[in-house]
Amino acid sequence: MSSLKKCGIPRMPQSNKNGRRHMRSLLPLLSRAACLAAALAFLLSASASFAGDPAQSDGLILIKGGTFLMGSPESERQRQRDELRHEVLVSDFYVDPYEVRQDSYERIMGSNPSHFRGKDLPVENVTWFDAVEYCNRLSESAGLSPVYRVSGSSVSWDRSANGYRLLTEAEWEYAARAGAQKIFQDGDQTHSDEYNFEGSYPYLIEENYVRHRDPSVVASRFR
């Protein structure tokens with residue numbers, strides 16, 4: 001299963017087909033989605049040391065760990081081969097409950113690659129390597145140890161470091177599901193009023209072009 005499968009960052013100013021491959025809101029576990037261009041949702045490593053609770057001192061929210069079924073059932077439509085369902089145990093972790101704003105990204109990185117400009121809008125148009133570099137620079141700016149060791153295109157994770165890092169695929173899916181086992185966090189269909197995607201191309205639209213078999217598959221606004 002794709003780490004971004006359970007779908008769509010609510011109301012972000014960026015459109016994509018079908019919503020299925022984009023990070024869903026972390027609600028009800030979080031108040032909003034934690035993301036940076038659907039790639040960077042950062043958190044503190046478990047070894048981070050603070051004078052107080054990181055959720056209070058750094059604006060992070062504690063997600064209590066637990067066991068969940070990662071992946072999708074074989075009966076799910078448009079399921080991919082790597083979505084084999086299996087049980088995963090996730091430890092407690094802290095996560096930022098908000099998207100990384102463009103002004104925050106520019107303050108740390110010195111540039112803003114976003115297409116949809118606005119200092120209080122989420123930053124987008126970043127690569128995974130950009131996200132890794134942002135995490136390391138953010139850690140350094142906070143006096144923490146960078147988590148990632150980068151050598152060319154090789155990146156390793158120093159688990160003893162106390163800085164910021166990206167969510168793992170399991171952490172993403174655990175938070176995105178919010179305890180649900182539906183295709184999307186709150187059901188089996190999408191709508192652009194709730195998800196950030198190209199609303200004219202909802203999930204399963206291909207199977208409903210000629211004959212509208214499923215009344216829940218309804219095209220919505222382009223976002």
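Work out, step by step, the length gained on full extension between ASP103 and THR127: first 0.36 nm times the residue separation, then minus their alpha carbon distance; give nm to one decimal.
6.9 nm
For a label point 7 angstrom out from the Cα of ASP214 toward its Cβ, which stretches of segment 62-106 have the backbone nitrogen within less than 11 Å?
Of the residues in segment 62-106, 76-79 have backbone N under 11 Å from the label point off ASP214.
If we count other beta carbons within 10 Å of each Cβ, what is the order of HIS212, HIS115, HIS191, fewest first?
HIS115, HIS212, HIS191
Select from segment 72-178 those chymotrypsin sites (Phe, Trp or Tyr not before Pro) which occupy a DSSP coil region and have at most 14 other Cβ atoms within 10 Å, ordered by residue number.
Answer in residue order: PHE116.
Can you compute the FRET efficiency between SER145 and PHE222 using 1/(1 + (r/R0)^6), with r the Cβ-Cβ distance and R0 = 30 Å? Round to the nearest 0.05.
Plugging the Cβ-Cβ distance into 1/(1 + (r/R0)^6) gives 0.10.
Here, each number is a calculation from the coordinates, and none is a lab measurement. Just so we're clear, the structure is a prediction, and the values are computed from it rather than from any experiment. Methodologically, a virtual Cβ is constructed for each residue, glycine included, from the backbone with ideal geometry; neighbour enumeration extends over all protein chains shown.
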